[in-house]
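Below is one structure, written out as structure tokens, with a few remarks after it.
The values are calculated or read from the model by the stated rules, or taken from the named source; none is laboratory data. As the structure is a computational prediction, the values presented were derived from the model and not from experiment. Positions of Cβ are generated from backbone atoms using ideal geometry, with glycine treated the same way; all protein chains shown enter the neighbour counts. For accessibility, only protein heavy atoms count, side chains too; no ligands or nucleic acids. Shrake-Rupley method; radii C 1.70, N 1.55, O 1.52, S 1.80 Å.
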Amino acid sequence: MTKHENKYCPRCNEPFECKVGSILLCQCQGISFTDQERDYIRLTYPDCLCRKCLMVMKHEISSTAAKEKMKTILEAIRKGKQ
């Protein structure tokens, strides 16, 4: 029997249906994360997130990573000009 759970997102507190028993039908299907992104989310939140929050987290993590890369590049450029 397929296992579906009614849950509340620990990030936004909105209800959603987790379909862990039918992962291809689950609301998180199709959102891909790197191992680092997945670990970050897993360490930050104790349970599944709703699709909206997963998408926001994906964007936030990507933005943070991009900012860190840019910071590293700019620091290297500044050091090269000195």
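Pairs under 6 Å by beta carbon, first residue touching a residue at least 12 places away in the same chain (Cβ under 8 Å) and of a type outside the set (D, E, K, R) in region 55-66, partner surrounded by 13 or more Cβ atoms within 10 Å (Cβ to Cβ) and part of a helix (DSSP H, G or I), six or more apart or different chains?
Close Cβ pairs satisfying both conditions: MET57/ILE41; ILE61/GLU37.
How many of the residues making up region 43-60 are under 12 Å from LYS7 (Cβ atoms) and touching a Leu at 6+ places or on another chain (Cβ under 8 Å)?
Residues flagged as under 12 Å from LYS7 (Cβ atoms) and touching a Leu at 6+ places or on another chain (Cβ under 8 Å) within region 43-60 amount to 0.
Within region 43-53, identify whether any single residue is surrounded by 11 or more Cβ atoms within 10 Å (Cβ to Cβ), in contact (Cβ under 8 Å) with a residue 40 or more places away in the chain and not in a loop (DSSP other than H, G, I, E, B), and answer yes or no.
Looking for residues that are surrounded by 11 or more Cβ atoms within 10 Å (Cβ to Cβ), in contact (Cβ under 8 Å) with a residue 40 or more places away in the chain and not in a loop (DSSP other than H, G, I, E, B), one finds at least one in region 43-53, hence yes.
Looking only at region 30-42, count how many residues are under 17 Å from LYS7 (Cβ atoms), open to solvent by less than 40 Å² (accessible area, probe 1.4 Å) and part of a helix (DSSP H, G or I).
Residues of region 30-42 that are under 17 Å from LYS7 (Cβ atoms), as a first pass: 31, 41-42.
Among the residues that remain, those that are also open to solvent by less than 40 Å² (accessible area, probe 1.4 Å) are: 31, 41.
Of the ones still in play, those that are also part of a helix (DSSP H, G or I) are 41.
Of the residues in region 30-42, 1 are under 17 Å from LYS7 (Cβ atoms), open to solvent by less than 40 Å² (accessible area, probe 1.4 Å) and part of a helix (DSSP H, G or I).
How many residues does region 15-29 hold that are within 29 Å of ALA66 (Cα to Cα) and either open to solvent by 70 Å² or more (accessible area, probe 1.4 Å) or in contact (Cβ under 8 Å) with a residue 40 or more places away in the chain (or both)?
1
Matching residues to (1) β-branched (Val, Ile, Thr); (2) open to solvent by less than 100 Å² (accessible area, probe 1.4 Å):
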| position | (1), (2) |
| --- | --- |
| VAL56 | yes, yes |
| ILE61 | yes, yes |
| ALA65 | no, yes |
| ILE77 | yes, yes |
| LYS81 | no, no |
